[in-house]
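The structure appears below as structure tokens.
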Amino acid sequence: MSHATAAQSQLQPSFWGSVWESLQGSHQDFTVGNLNRAILLLAIPMVLEMALESLFAVVDVFWVSHLGANAVATVGLTESLLTLVFAVALGLSLSTTAMVARRIGEKDKDGASVAAVQSVAIGLMLSCLMGVPCLFYAPLLLRLMGASPEIVAVGGNYARIALGGCGAVLMLFLNNAIFRGAGDAAIAMRLLWVSNIINLVLDPCLIFGLGPFPRLGVTGAALATFTGRSIGVIYQFYRLLHGSERIRVLQRHIRLNFTVLLRLVRVSLTGILQFAIAHTSWIGLVRIVSMFGSAALAGYTIAIRIVIFAILPSWGLSNAAATLVGQNLGAKQPDRAETSVWRTGFYNMLFLGGVGVFFILFAEPIVRLFTHDPAVVPLGTSCLRILSYGNVGYAYGMVMLQAFNGAGDTVTPTIVNLFGFWVLEIPLAWWLALRAGFASNGVFFSIVIAEAAIAGAGVLLFRRGRWKLQKI
């Protein structure tokens, strides 16, 4: 056996041992030791967590696509409205991850638990404020998004459940942000797996009425999602109260601490604005696409779900970068925090770039897995192929912006998103689609251009290093 082969055989057990450790829940202090191993231990469960979420998104639209273009359009329009909920959930989650990670890095476990409780209190209040009105006005919101009377008739109840039950989405994201900030990435992974496996099982049963279940059509998809996520949230609270090695909420922590709560609100407001700017731009894009009919909207919805299938695991990698930044800044190691971001961005580029090449080469066969509608297939294929050209930009952009968030600097990504999405993307989409004659393809090209600009701005601003001085 050669020396190289011998060395490789010695390293391989260590690698697979690290993989197994990451899945079980690592006990490593992420502020010391080998940085590549720290990235691996955090990234594997975070990537797998997001992978199952992305699998559910694809399987969900696969079943719904059997109900026709109006049903798929219903999902697309409702999810464009749900982006506002995701904006709140992600904005609050990123500030929660940053604050919990910083306290863990400072070895202040009580401070981390207090921050977690304040975050949950804010999340419960926002769940009521957003969900209750949507129960009553969901069909009206669909009409405002340009839905035809046929789409409203098919999808009114779907929208009521999906939007009215948005608190389950918010709390699922928020509680997992607590675990991620503490470094309990494996627990966050298992919690989301429980939720989404329930979704995957219930989806076809409630849509098509399999076995003892009623046939609810597209409404069944919303009910399956709400049920799975609600059970996941209950399990999250159980794990928080019973605790782990890194974080546990005890009875003495369950109180309002207005100093911590207000600090969390302050950081969250810009975080929510950051994602609201990004996600409301998707509403604008959907509104432009809807001008070209249900087929264009269905093709866009299918292609976006496929793209999300690849991007969500990449988002897991960027979450790992955010946790490493927060914990290492708390441990007074800014250089280690910076190095972790550059390495994670490079790994993310390799992964998402490879996926992009695959999507470009096999766009039509992939879209045909979801629909054979002759009007939808070419539009979905074109959308998937165009969006995949921007994968390298997406990869670096999401890691850089999450690094700022992990440091508690939510202002810089907010400004970048404002210019990238609203000053550049939306006007460009409108001009390319309606003035330059590219139709729906113009919208897809605008997404690629805007994401590349955001990635470039993120890299330049990250190099300046002001995020290292952020207090939270």
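Can you confirm whether the range 204-217 contains a residue that is modelled with pLDDT under 90, more than 21 Å from V59 (Cα to Cα) and either in contact with a helix residue (DSSP H, G or I) (Cβ under 9 Å, 6 or more places away or on another chain) or not in a loop (DSSP other than H, G, I, E, B) (or both)?
No; the residues of the range 204-217 include none that is modelled with pLDDT under 90, more than 21 Å from V59 (Cα to Cα) and either in contact with a helix residue (DSSP H, G or I) (Cβ under 9 Å, 6 or more places away or on another chain) or not in a loop (DSSP other than H, G, I, E, B) (or both).
Of R252, R266, which residue is free of Cβ contacts under 8 Å to residues at least 12 places away in the same chain, part of a helix (DSSP H, G or I) and either hydroxyl-bearing (S, T, Y) or over 23 Å from R180 (Cβ atoms) (or both)?
Residue meeting the stated conditions: R252.
Considering every residue within the range 175-196, establish whether at least one is surrounded by fewer than 20 Cβ atoms within 10 Å (Cβ to Cβ), at pLDDT below 90 and among the β-branched types (V, I, T).
yes
Evaluate the following for P365: is it within 20 Å of L94 (Cβ to Cβ) and surrounded by fewer than 19 Cβ atoms within 10 Å (Cβ to Cβ)?
no
R229: modelled with pLDDT of 90 or more, under 30 Å from L324 (Cβ atoms), surrounded by fewer than 23 Cβ atoms within 10 Å (Cβ to Cβ) and not hydrophobic (A, V, I, L, M, F, W, C), yes or no?
Working: modelled with pLDDT of 90 or more: yes; under 30 Å from L324 (Cβ atoms): yes; surrounded by fewer than 23 Cβ atoms within 10 Å (Cβ to Cβ): no; not hydrophobic (A, V, I, L, M, F, W, C): yes.
Taking the combined requirement at face value, the residue does not satisfy it.
Just a yes or no: is a residue in the range 168-177 assigned to a helix (DSSP H, G or I), more than 30 Å from A38 (Cβ to Cβ) and either out of contact with any Ser or Thr (no Cβ under 8 Å at 6 or more places or on another chain) or acidic (D, E) (or both)?
no
Residue under question is I454, and the condition is that it be outside any helix (DSSP H, G or I) and in contact with a Leu (Cβ under 9 Å, 6 or more places away or on another chain); does it hold?
Judged against the criteria, I454 is not a match.
On the given criteria, is L52 more than 16 Å from the chain's Cα centre (by Cα) and in contact (Cβ under 8 Å) with a residue 24 or more places away in the chain?
The answer is no for L52.
Have a look at I311, I288 and point out the one that is touching a helix residue (DSSP H, G or I) at 6+ places or on another chain (Cβ under 8 Å), surrounded by fewer than 24 Cβ atoms within 10 Å (Cβ to Cβ), under 15 Å from S388 (Cβ atoms) and among the hydrophobic types (A, V, I, L, M, F, W, C).
It is I311.
Would you confirm, using the coordinates I've provided, whether R102 is among the basic types (K, R), farther than 30 Å from V265 by Cα and in a helix (DSSP H, G or I)? Before you say what the answer is, go through the steps one by one.
Working: among the basic types (K, R): yes; farther than 30 Å from V265 by Cα: no; in a helix (DSSP H, G or I): yes.
For R102, the condition - among the basic types (K, R), farther than 30 Å from V265 by Cα and in a helix (DSSP H, G or I) - is not met.
Residue by residue, here is whether (1) surrounded by fewer than 21 Cβ atoms within 10 Å (Cβ to Cβ); (2) within 22 Å of the chain's Cα centre (by Cα) holds:
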{"residue": "V411", "(1), (2)": "yes, yes"}
{"residue": "T414", "(1), (2)": "no, yes"}
{"residue": "W422", "(1), (2)": "yes, yes"}
{"residue": "N441", "(1), (2)": "yes, no"}
{"residue": "R463", "(1), (2)": "yes, no"}
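The conditions are (1) under 22 Å from the mean Cα position of the chain (by Cα); (2) surrounded by 24 or more Cβ atoms within 10 Å (Cβ to Cβ); (3) among the hydrophobic types (A, V, I, L, M, F, W, C); (4) farther than 21 Å from T410 by Cβ, and F30 fails exactly one of them. Which is it?
In the conditions (1) under 22 Å from the mean Cα position of the chain (by Cα); (2) surrounded by 24 or more Cβ atoms within 10 Å (Cβ to Cβ); (3) among the hydrophobic types (A, V, I, L, M, F, W, C); (4) farther than 21 Å from T410 by Cβ, F30 misses (1) alone.
Looking for something assigned to a helix (DSSP H, G or I), closer than 27 Å to F444 by Cβ and hydrophobic (A, V, I, L, M, F, W, C) - is there at least one such residue anywhere in the range 318-336?
Checking the range 318-336: not a single residue is assigned to a helix (DSSP H, G or I), closer than 27 Å to F444 by Cβ and hydrophobic (A, V, I, L, M, F, W, C).
Take T5 and tell me if it is closer than 30 Å to A138 by Cα and either touching a Gly at 6+ places or on another chain (Cβ under 8 Å) or at pLDDT below 80 (or both). Give the steps one after another, and end with the answer.
Working: closer than 30 Å to A138 by Cα: no; either touching a Gly at 6+ places or on another chain (Cβ under 8 Å) or at pLDDT below 80 (or both): yes.
Taking the combined requirement at face value, the residue does not satisfy it.
Picking from G420, G442, G408, G390, which residue would you name as being small (G, A, S), within 22 Å of P313 (Cα to Cα) and out of contact with any strand residue (DSSP E or B) (no Cβ under 8 Å at 6 or more places or on another chain)?
Within the list G420, G442, G408, G390, the selection yields G390.
Look at the range 428-472 and say how many of its residues are on the phi > 0 side of the Ramachandran plot and touching a residue at least 60 places away in the same chain (Cβ under 8 Å).
2
The values are calculated or read from the model by the stated rules, or taken from the named source; none is laboratory data. This is a predicted model, so every value here is computed, not measured. All Cβ positions, glycine included, derive from the backbone under ideal geometry; neighbour counts span all protein chains shown.
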